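The values are calculated or read from the model by the stated rules, or taken from the named source; none is laboratory data. Predicted, not measured: the structure shown is a model, and the values here were computed from it. Cβ atoms come from the backbone with ideal geometry, glycine included; neighbour counts cover every protein chain shown.
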Amino acid sequence: MSVPVMTVPGEPPAAAPAGVAVRAAGLRKTYGKGETAVQALAGVDVAFARGGFTAIMGPSGSGKSTLMHCLAGLDTATAGQVWLGDTELTGLRDDALTALRRQRIGFVFQAFNLLPVLPARENIVLPMQLAGSRPDSGWFDDVVARLGLRERLGHRPHELSGGQQQRVAIARALLPRPDVVFADEPTGNLDSRSGAEVLGLLRSSVRETGQTVVMVTHDPSAAAYADRVVLLADGRLAGELTDPTAETVLDALRGLGA
C-alpha cells in the first residue's frame, strides 16, 4: 500500500498522515567530503503504511541499507527528516533516540545478534529489561507459541538451528509491540527452507497482529512475501510494486540494471 507524503519546502511538517507508521522527506546521506564524497541517499521521500509488509530493494550500492538505517535511527541523515508516527527522529538527542529505539522499534538482522551465554527466553526479554520494562506474560506466551519456540526457551543459541535462532530474534523484536520492525536481510544466513519459514512468520505477524515490517533484501523470492516493494537506484526512488511476485520483482530489478 502506497501512502503519499506531501511536503512544502520551508514549512513545518504536518501531523503524520493517517495510517503511516514511518516516513521520510528529502532524506539525504553523504559519506565523506569533497571529491571523495559518496551520496548514498539523494533526496528520498517515502512513507510506509501501518500494518504493512514492505521490502526495499535495488542494485548493490543503491542505498537500500542506508535508507533502512536512517529510518530506524541507526544512522544520522545528512539532510532531510524522518518521522516515526508523529515523532521526528532527526530532531532527537542521542539519549532520547536510544530510548525510542528500545521502546518503539524492533530489529531483525542477518546475524541474529543473540547473546551466546543466555538461553532463548533471556535473549527474547533482554531489550525490554534494559529499557526498564516488564514483558506482558500473555503476549510473551502468544509470541512464543506463534513462533514455535515453547520447547526451546531454555536452549542457548549454539543449541538451536539457524532458523530457530532467527525465530528467537523475531520474538525479541515483536515482544515490545513496536511501531515498526526493521529486518535487514533476515534470511541471508539461512537455507531456503528455514528462510521461507522466517518470511512466512514475518508475513503472519503483519496479517494476524497488524505489525508493520520494513525489510531490506536482495532476494526476489523473499520480496514476494511482502505487500509492496520499494525500489531504489543511485540513492533515489526508482518505482514500486504492489502484490509482488518473484517474477515481477526480478523484471523490475533487471530494468534497473541489477
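For segment 173-219, which positions are of a type in the set (Asp, Glu) and over 19 Å from residue 128 (Cα atoms)?
Selection gives 184, 185, 191, 197, 208, 219.
Residue by residue, here is whether (1) buried (at least 18 other Cβ atoms within 10 Å of the Cβ); (2) hydrophobic (A, V, I, L, M, F, W, C) holds:
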residue	(1), (2)
39	no, no
80	yes, no
132	no, no
136	no, no
139	no, yes
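Given the criterion without any contact (Cβ under 8 Å) to a residue 24 or more places away in the chain, out of contact with any His (no Cβ under 6 Å at 6 or more places or on another chain) and either assigned to a loop (DSSP other than H, G, I, E, B) or under 29 Å from residue 223 (Cβ atoms) (or both), identify the matching residue among 172, 134.
On inspection, the qualifying residue turns out to be 134.
Within segment 199-228, how many residues are in contact (Cβ under 8 Å) with a residue 60 or more places away in the chain and within 20 Å of residue 109 (Cβ to Cβ)?
15
Has segment 201-213 got any residue that is within 14 Å of residue 68 (Cβ to Cβ), surrounded by 21 or more Cβ atoms within 10 Å (Cβ to Cβ), at pLDDT 95 or above and of a type outside the set (Phe, Trp, Tyr)?
The answer is yes; a qualifying residue exists.
What is the residue count in segment 154-169 for residues that are touching a residue at least 40 places away in the same chain (Cβ under 8 Å) and either under 20 Å from residue 53 (Cα atoms) or in contact with a strand residue (DSSP E or B) (Cβ under 8 Å, 6 or more places away or on another chain) (or both)?
Count: 3.
Suppose the filter is surrounded by 21 or more Cβ atoms within 10 Å (Cβ to Cβ), at pLDDT below 95 and under 18 Å from the mean Cα position of the chain (by Cα); does residue 62 pass it?
yes
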